[in-house]
Amino acid sequence: MRRESASGLHGPLRLNNFERSSIKSAKRSLDSMRCASRWAAGGSGVVLRVRDVKLQLDRALKFSRPSPGKQELLASFLTAETARLVELTHPYLMRVHAKGAVRPNHTDVPYYIMDLHADVDDVDDYIAREQVSEQDILQLLERVLEALSYMHSQGQVHLDIKPGNILVRSGNSPVISDLGFAKVLQDDTGLTMIGGTEGFIHPEARRFIAEASSDPNRLRGEALRKTLRPAWDLYSLGRTILLLLDVADERENRPLSLYTHRYLKLLACRLLDGKNAMDETLLGLSRVALEELKYESVEDALRDIRKLTGGYNLETRIPELDQFGLDTIQASTFSTTPFTPRVKRIVEHDQVSSLGGFTQLSLLNLVYPTATHTRLEHVVGTFSAMCRYTIALYQDPINPLFRQIIREEDILAALLIALLHDVGHYGLAHDLEEADVEVFSHEARGKELLRDASTGLRRVIECDQFADGALGWGVSVDRLLSILDADVPRMRGSVRDRLIHAMIDGPIDADKIDYLIRDSTNLGLTYGSVIDVERLLRVLTVVCQQTGEDTYVNIGIHEKGRVTAEAVAFARYAMYGSVYWHHAYRALKAMLQRVALEYLERVDARDKSRKMGIRRAVTGELYPALRAKGGAPHTLPLMSMAGGGQIHPGDQAVLDWLADRAGPAGRMLADLIEERRLFKRVFVVSRWGNEVLWRAVTTLMSEKDWRRKLEFQRTFQDCLASAVDRVEDLSGRSSIIVADARNAFLADARSDRVLVMVDATQAKPGASSGLELIQEEDRRRARLDELPVSRPEQSHLWDSLRTDLHESLGKVRVVCHPDHARFVSALNRETVEGALQQAVRGT
């Protein structure tokens, strides 16, 4: 409804005698003002249209409208506030030009003179107009938030935000009016009057309303000034936006796109200060999650509105996301990688650059000669993929959740996680972890390095700006650790932390995309080429599901990208079958793990201080250290270390360090590896051949108790030697099974040489959760954001490939010293299986 207004008042209403006396007093007192005949009245005041005869401008004169008997109390409250209201100057705030008081019936009645706005709409009436577009609505809300942000920055709160107090002038220019309840925020124990409107007043403020009122627009009460919070305004604004969305929906031509409607509703629900009603949720977020994600300031909400209006540019704010920046590094086959000064500082730090000192795939180059790429290459490639993942999720055209809730500091944390997720790695780490994940854990070492202030890495991470003026990261190490420790299926950690964790450790995470493509390309295989990265990026989304009082959140895909995402599972399945579980590489891994087990037996691994041995060695004593200026030791970058042969120097250093401490057996195995005389596969047990034995051995070898695994290996060799020794008649057998070969085998076995070992692959699920799809019909449904999102569909093919990877490709292999491989391979199956079964029972 078009009307003339100064403060959102809907008059005329009947005045009492006191109010009539106030008007007469004003006419006598204000020499420069001439009162017009028109007037309006509302819940909090009485407004006269006046003419400033000196300036020849129309103004509005507003008196407070007190409850009977409370004139003096209200006068004192209002007098205290108007001094600050005069100081507020913003184009979208009602301007107060003067203040004063009149004395009808010997009682001070404060007044103030404000702008008078003619021919304006209440904001809900304005949005109901058919010609108002989506752009108009977004621009209007941005301006309202700007005005409220300014008011809060001046230490004041409005306390009565509602559609009737937001006026819209021509040119889509809003005015927040009716500052009668506006208050100065102070840490003061004194009382002040507060008020508001039913349905828009914050629940905390509602508790201070002393008495019920027949007029829901005239809620009043008294509260301690120190209890007032800006969040009370945010709540009122959130309820206002929800009402405006309903008004827009009622129009015949709905002005808002589905995406914008969802975005604005999410913003409104986050403004409600965690006081959401049952129906004030969306996108699968629970009320508990909305409490966590609530806005802390109106400035945060203004930033999120600007993400839609174009006033916020992500690439400008975070230059690492600018794919067309000047400084780049070619670290990925599918993307240009920005190489900003702060990225350079991380990559060139000793603890990160040392990742270039060992290969990504350990000693696989002894089987695939081109597998020489380093862990550092993978780290930078993962960072490159994370940049693209961030942009893709930010630009998700269906689900606005990532774009709105992930802040700049969250994106910086995600990029750092990509750069530092492998910072604890060292040569042969993955192989040694299969021997004992607690002792050799690269993840535990990585967290220790992040916490350790002496390395200087923490200082680089947490610095806001470097001495040369370059922009810093400004992310706390504690935040990075909380992301690493987040658990998606168990819903452990904050919503934001779990979401970022899923980007680096999930079914289609940035880490996995890089290593599958990188490993495949470097090894000359085609498996990685089946991954259509560009298509995958276009279908990435956030999967969100309310689970009880909590919210499950993960990275998933829109259903139209099902085949693209499932191709990642195919590539992973093929790479395990052809590369990571290649029989020769598995034999090499078995040798490395036996070296590690022999090492563990020689140290008191039960003593936690000794469990740090390998981590300390990698950090300090293992590699030559340089003493930097100032005396702090730093690890020499491994790429500068001298070395020879096919084994990379960094991997060689770890192998030698372990072998020197693993006794004769460990030294012998290390020498064989260096000579590339690998143990040979002589016997295989698959699930399909003998499931009982296969499962028994794989279960035993998957245990964390390294002592049991070492005992099993030794027991098996003893059992096999005993079985061979019991064979008395060799006549009629293969020419390989001759007395000399048997005697040589038994002689070496009795000398405690390592002759045979058992290798069993361990289950590799690849992620703690499956691949989840947003179903097609959910994308096409009408605007039904009030309804809970249906449960995401699980990709059965992904689950099958993930679980069947070990079931169908996993093998138990007996590998043998190359000097005795021909002899042992000629033994019959019953002999070897019997020894395996006896070893399992005896361990």
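The values are calculated or read from the model by the stated rules, or taken from the named source; none is laboratory data. All values reported here derive from a predicted model rather than from experimental measurement. With ideal geometry, Cβ positions are generated from the backbone for all residues, glycine too; neighbour counts draw on all protein chains shown. Side chains included, ligands, DNA and RNA excluded: accessible areas come from the protein's heavy atoms. Shrake-Rupley method; radii C 1.70, N 1.55, O 1.52, S 1.80 Å.
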**Fill in**
Conditions (1) part of a helix (DSSP H, G or I); (2) surrounded by fewer than 20 Cβ atoms within 10 Å (Cβ to Cβ) -> R753 fails only (1)
**Asked** Conditions: (1) of a type in the set (F, W, Y); (2) more than 17 Å from G506 (Cβ to Cβ); (3) in contact with a strand residue (DSSP E or B) (Cβ under 7 Å, 6 or more places away or on another chain). Y389 meets all but one. Number of the miss?
**Response** (2)
**Prompt:** Which of the residues that make up the stretch 290-322 are aromatic (F, W, Y) and in contact (Cβ under 8 Å) with a residue 12 or more places away in the chain?
**Reply:** Y295
**Prompt:** Looking only at residues in the stretch 471-487 that are outside any helix (DSSP H, G or I) and free of Cβ contacts under 8 Å to residues at least 60 places away in the same chain, which one is surrounded by the fewest Cβ atoms within 10 Å (Cβ to Cβ)?
**Reply:** S476
**Request:** Restrict the check to the stretch 591-602 and report whether at least one residue is modelled with pLDDT under 95, open to solvent by 20 Å² or more (accessible area, probe 1.4 Å) and more than 30 Å from S808 (Cβ to Cβ).
**Result:** yes
**Item:** Pick from the stretch 361-375, criterion farther than 10 Å from L588 by Cα and among the aliphatic types (A, V, I, L, M), ranking: least open to solvent (accessible area, probe 1.4 Å)
**Value:** A371
**Request:** Please verify whether the stretch 544-558 includes one or more residues that are part of a loop (DSSP other than H, G, I, E, B), closer than 30 Å to N276 by Cα, touching a residue at least 60 places away in the same chain (Cβ under 8 Å) and not small (G, A, S).
**Result:** yes
**Request:** Please verify whether the stretch 355-378 includes one or more residues that are in contact (Cβ under 8 Å) with a residue 12 or more places away in the chain, touching a Gly at 6+ places or on another chain (Cβ under 7 Å) and either in a helix (DSSP H, G or I) or under 25 Å from D468 (Cβ atoms) (or both).
**Result:** yes
**Prompt:** Can you find even one residue in the stretch 684-706 that is of a type in the set (G, A, S), farther than 24 Å from E433 by Cα and at pLDDT below 95?
**Reply:** yes
**Request:** Among the residues of the stretch 121-132, write down those that are surrounded by fewer than 18 Cβ atoms within 10 Å (Cβ to Cβ) and either assigned to a helix (DSSP H, G or I) or modelled with pLDDT of 95 or more (or both).
**Result:** D125
**Message:** Just to be sure I understand, how many residues within the stretch 180-198 are over 24 Å from L245 (Cβ atoms) and either in contact (Cβ under 8 Å) with a residue 40 or more places away in the chain or open to solvent by less than 10 Å² (accessible area, probe 1.4 Å) (or both)?
**Reply:** 11
**Fill in**
Filtering the stretch 814-843 down to residues that are hydroxyl-bearing (S, T, Y) and open to solvent by 50 Å² or more (accessible area, probe 1.4 Å) yields S825
**Options G528, G524; residue that is farther than 30 Å from E601 by Cβ and either without any contact (Cβ under 8 Å) to a residue 24 or more places away in the chain or in a helix (DSSP H, G or I) (or both)** = G528
**Message:** Report every pair of residues separated by at least 6 positions or lying on different chains whose Cβ atoms are under 6 Å apart, first residue within the stretch 43-64 and more than 12 Å from D178 (Cβ to Cβ) and of a type outside the set (A, V, I, L, M, F, W, C), second outside any strand (DSSP E or B) and at pLDDT 75 or above.
**Reply:** D58/L116; R59/L116
**Item:** Candidate set from the stretch 800-813 (those that are open to solvent by 40 Å² or more (accessible area, probe 1.4 Å) and under 30 Å from C544 (Cα atoms)); member that is nearest to the chain's Cα centre (by Cα)
**Value:** R802
**Message:** Condition check: under 30 Å from P792 (Cα atoms) and part of a loop (DSSP other than H, G, I, E, B). Does G274 satisfy that?
**Reply:** yes
**Request:** Quick one: count up the residues across the stretch 675-687 that are surrounded by fewer than 18 Cβ atoms within 10 Å (Cβ to Cβ) and in contact (Cβ under 8 Å) with a residue 12 or more places away in the chain.
**Result:** 4
**Request:** Return the only residue of S177, S153 being out of contact with any strand residue (DSSP E or B) (no Cβ under 9 Å at 6 or more places or on another chain) and either open to solvent by 40 Å² or more (accessible area, probe 1.4 Å) or in contact (Cβ under 8 Å) with a residue 60 or more places away in the chain (or both).
**Result:** S153
